[in-house]
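Here is the structure we will look at, set down as structure tokens.
The values are calculated or read from the model by the stated rules, or taken from the named source; none is laboratory data. All values reported here derive from a predicted model rather than from experimental measurement. We place every Cβ from the backbone using ideal geometry, glycine too, and count neighbours over all the protein chains shown. Ligands, DNA and RNA are excluded from the accessible area calculation, which covers all protein heavy atoms including side chains. Shrake-Rupley method; radii C 1.70, N 1.55, O 1.52, S 1.80 Å.
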Amino acid sequence: MLRSTTDPPRALHALLLFLLPWAVVELAFGEEGFCSASLSTTDSNSQPLYWKVTNPTLLPTHLQDLPGFTRSVYKRDHALITPESHVFSPLPDWINTLGAYLISPAMGSHFTMYLTKMQENSKSGLPPEDVERFVFVIQGSAILSNNSGINHKLPVDSYAYLPANVEHTLKCDKTATLIIFERRYAILQDHYPEQIIGSTDKQPLLETPGEVFELRKLLPTSASYDFNIHEVHYNQHGLLLLEGQGIYRLGDSWYPVQAGDAIWMAPFVPQWYAALGKTRSRYLLYKDVNRNPL
């Protein structure tokens, strides 16, 4: 979600991708989907999109040699997981792939969010039974194959939603970095989600009267889908900051954040974000929707 420095909190629903301009006065707050805003200055950085997620500035120079230093914070109702706290290890049932869990039920969430680093000739495993999966490509590209034998190339900024119990594989001949969300699907009678493959730039812009940002939804809002990619309300959130830096409020605490940082928010946690610096801010946000919290 993106938020203005002057607007009051506004509830959002769903998995979203948000983009904010660099100036504080131009910060924006979105509804569900993919959100973006035009830059006020041109960025001379020629690095690939989302480069700072895979090559983060881990620590200020004067703190690099301080043992035990981390910006990561874990509290009862929220967590900030910064790159120096990422622990990569082989993923069960994946081939030539390392993964780092950023959000998991161990901290209080009912979904998982993890980074995967696919190496040469790598291949994904399947999620557990009855668990749905959302994949977003941050670096490189992967090939998605389903049980019908159809292959889909997923380059940077593309994504795929795989319903629970759908046979599929992700393969990579070179290298790729993915962010993956998984949760146990909340069944709703007579509603059946379908596989979705998309790209953020192919999603239609939604109207955002009076706001300085662009908004796109990455998944349908129909009742078949129990989450989307998307403040004080009953939903949990999980996000990954893809670009930029700023200040994030979680509860009564304020945290400096930058590209590569992950955040988990429990239900009803007050939240607010202000983008700072000379580059745009952009983040991918999970939110559960379309189900009774009971």
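Here are some notes:
- Long pairs among K75/K171; K52/K171; K174/K217; K52/K278; K117/K278; K52/K117, criterion Cα-Cα beyond 26 Å: K75/K171; K174/K217; K117/K278
- For the range 183-294, the fraction of 1.4 Å probe accessible surface lying on carbon and sulfur atoms is 54 percent.
- Solvent exposure ordering (accessible area, 1.4 Å, most first) of E182, E129, E207: E207, E129, E182
- Distance in nm between pseudo-label sites at S224 and S46 (7 Å out along the Cβ direction from Cα): 4.5 nm
- The alpha-carbon atoms of the range 99-142, seen along their principal axes, cover 34, 21, 14 angstrom, with the largest extent given first.
- Amide H partners (placed H, <5 Å) of Y255, local residues excluded: Y248, R249, L250
- Two-site FRET efficiency, L188 against F88, from Cβ-Cβ distance with R₀ of 22 Å, rounded to 0.05: 0.05
- Counted charge near N165, where neighbours are those whose Cβ lies closer than 12 Å (Asp, Glu -1; Lys, Arg +1): -2
- Around the Cα centre of the range 159-262, unit charges on the Cβ atoms of Lys, Arg, Asp and Glu (plus for the first two, minus for the last two) sum to a dipole of about 220 debye.
- Nearest-0.05 FRET efficiency for E207 and N96, computed from C-beta distance (R0 35 Å): 0.20
- Counting Lys and Arg as +1 and Asp and Glu as -1 over every other residue whose Cβ lies under 13 Å from the Cβ of Y255, the net charge comes to +1.
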